[in-house]
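Here the structure comes first, spelled out in structure tokens, and everything after it is commentary.
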Amino acid sequence: MVEGLLYLASMLAGAAFLLALYRFVQGPNAVDRVVAFDVLTVISITAIVLVALVENRIVYLDVALVYALLSFLGVIVIARYLGKET
């Protein structure tokens with residue numbers, strides 16, 4: 001049962017990754033691309049957590065936490081840069 005749910009979650013995360021990647025490539029402006037980049041990082045964090053659950057390795061959760069903090073800081077920096085342009 002749990003394996004089926006993990007498989008379903010990974011398939012949904014993969015589909016969401018493809019949709020966000022499409023928005024990142026085809027985004028009409030920079031703000032759409034920044035939001036899509038943030039969504040891609042959240043989905044990547046989800047994938048790392050799913051791998052940690054499947055492999056039963058707790059150290060991957062630390063990697064996901066550090067990646068989330070760096071992603072947050074990166075989006076803040078990009079948002080401040082785009083805010084200065086307008």
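Each value in this text was obtained by applying a stated rule to the coordinates, not by laboratory testing. For clarity, every value in this text was computed on a predicted model and none was experimentally measured. Neighbour counts are summed over all protein chains in view; Cβ atoms, including those assigned to glycine, are modelled from backbone coordinates with ideal geometry.
Listed from fewest to most Cβ neighbours within 10 Å, the set Leu12, Leu50 follows the order Leu12, Leu50.
Helix 59-85 and the long axis of the chain differ in direction by around 10°, with both axes built from C-alpha atoms. Take every pair of alpha-carbon atoms less than 8 Å apart whose residues are at least six positions apart; their mean separation over the length of the chain yields a relative contact order of 25 percent.
A crude spin-label estimate for the pair Ile58 and Asn29, with each label 7 Å from Cα along the Cβ direction, gives 4.7 nm. Helical runs assigned H by DSSP (4 residues or longer) give the chain a calculated mean residue ellipticity at 222 nm of -32500 deg cm²/dmol, each run adding -39500 (n - 2.57) before division by the residue total.
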